[in-house]
Amino acid sequence: MSLSNFPEMKSLFPNPVTEMLRTLLLGIQEAIGDELVGVYLRGSLALGDFDPITSDLDFLAVTKLPVSEEKFAVLDALHTRLAKFSNVYAQQLEGAYIDHIALKRFRAGERYPTIERGDFLRSSEHHANWILERWTVREHGITLIGPDPKTLIEPISVDEIRLAVSVRLRDWADWANQLDDPAWRLPLSHKAYVVETMCRAMYTLMCGDVCSKQCAVAWALETFPEQWRSLVDQSRAWRTDTTLPEPNIISEVMRFVHWVSSNAGPAAHE
């Protein structure tokens, strides 16, 4: 799909989303010029569970060459301008700029220009979750401009997907041991994100597939033991809740992270 076929895009997403995506694409085209290979939607936009209230706009831009310092400065200026737009999604962009050779297959420790919601463009190290991001783009990505993403990204096996989740869950378990980390005291909306992410990780371990957070939550409510089903069900009311969490909720979410992480070993999907 291309934004030149704009009416079709409008049928998929709310007008502010399509307007922001068009502005983003035009800005990227102007900033990168002939070095641009393609721009693709990922995340909930690609997986079909976009929530206009809580979802961000996830994208991947593919370049012919690694982004130079000069191009980085131009892209940084672009995202600074975009963040000031009146569009409700102006500060909800999350994306990365990866050259087509590096995109073919994930390599740990590599850094790429990356922007996260409400932040500046940074040169960030990509972790194992970007194996899952590549899979999503390859299998479900929406093409704004460029070739079929399957021609840019090598096939990713089920074992690779599961291993990527297991690696990331070790990081989550380490975080759950850091009782003094300020993130634990973020609002309930953040706790909903944690619970949903754990549901998604468990879904991938058990099913060998990647799905949206909403899909994973629905699956968890049918699959998890009663204790965790109750937590997952409760967390659905937290998605937009800015209330600070009570200590008992923090403790329960910590235990949930450890429970999911304990299922990340080789036997988790046998």
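The values are calculated or read from the model by the stated rules, or taken from the named source; none is laboratory data. What you are looking at is a predicted structure, and each value in this text was computed from that prediction instead of being measured. Cβ atoms come from the backbone with ideal geometry, glycine included; neighbour counts cover every protein chain shown. Note: accessible area is taken over every heavy atom of the protein model, side chains too, but ligands, DNA and RNA are not part of it. Shrake-Rupley method; radii C 1.70, N 1.55, O 1.52, S 1.80 Å.
Starting from the Cα gyration tensor of the chain, take the square roots of the eigenvalues, sort them a ≥ b ≥ c, and report rounded, prolate or oblate (rounded when a/c is under 1.5, otherwise prolate if a/b is larger than b/c, else oblate).
prolate
Residues of the range 39-65 with amide nitrogen under 20 Å from the 7 Å Cα-to-Cβ point of ARG117?
Answer for this model: 40-61.
As an exercise, use a Förster radius of 22 Å and the Cβ-Cβ distance of TYR193 and ASN87 to find the FRET efficiency, rounded to the nearest 0.05.
0.45
When a/c is below 1.5 the answer is rounded, else prolate if a/b is larger than b/c, else oblate, so apply that to the range 107-147 with a ≥ b ≥ c taken from the square roots of the Cα gyration tensor eigenvalues.
Oblate shape, in that a/c is at least 1.5 and b/c is the bigger or equal ratio.
Could you work out the relative contact order of the chain, using alpha carbon pairs under 8 angstrom and six or more residues apart, expressed as a whole percent?
Computed value for the chain: 18 percent relative contact order.
With the other protein chains left in place, how much accessible area per residue, in square angstrom, belongs to the chain at a 1.4 angstrom probe?
48
Longer than 22 Å from Cα to Cα, which of LYS84/LYS191; LYS64/LYS84; LYS64/LYS104 are they? Say none if no pair is.
With Cα atoms farther than 22 Å apart: LYS84/LYS191; LYS64/LYS84.
In percent, how large is the relative contact order of the range 102-259, given Cα pairs closer than 8 Å and 6 or more residues apart?
Taking the mean separation of contacting Cα pairs over the length of the range 102-259, I get 21 percent.
With a 1.4 Å probe and all protein chains left in place, how much of the accessible area of the chain comes from carbon and sulfur atoms, in whole percent?
51
Would you please put 172-185, 95-108 in order of how densely packed they are, using the mean number of other Cβ atoms within 10 angstrom per residue and starting with the highest?
Result, highest mean first: 95-108, 172-185.
Using a simple spin-label model with points 7 Å from Cα along the Cα→Cβ vector, what separation in nm is obtained for ARG236 and ILE53?
Reported label-point gap for ARG236 and ILE53 is 1.3 nm.
In degrees, nearest 10, range 0 to 90: what is the angle between the Cα axis of helix 213-223 and the longest Cα principal axis of the chain?
20
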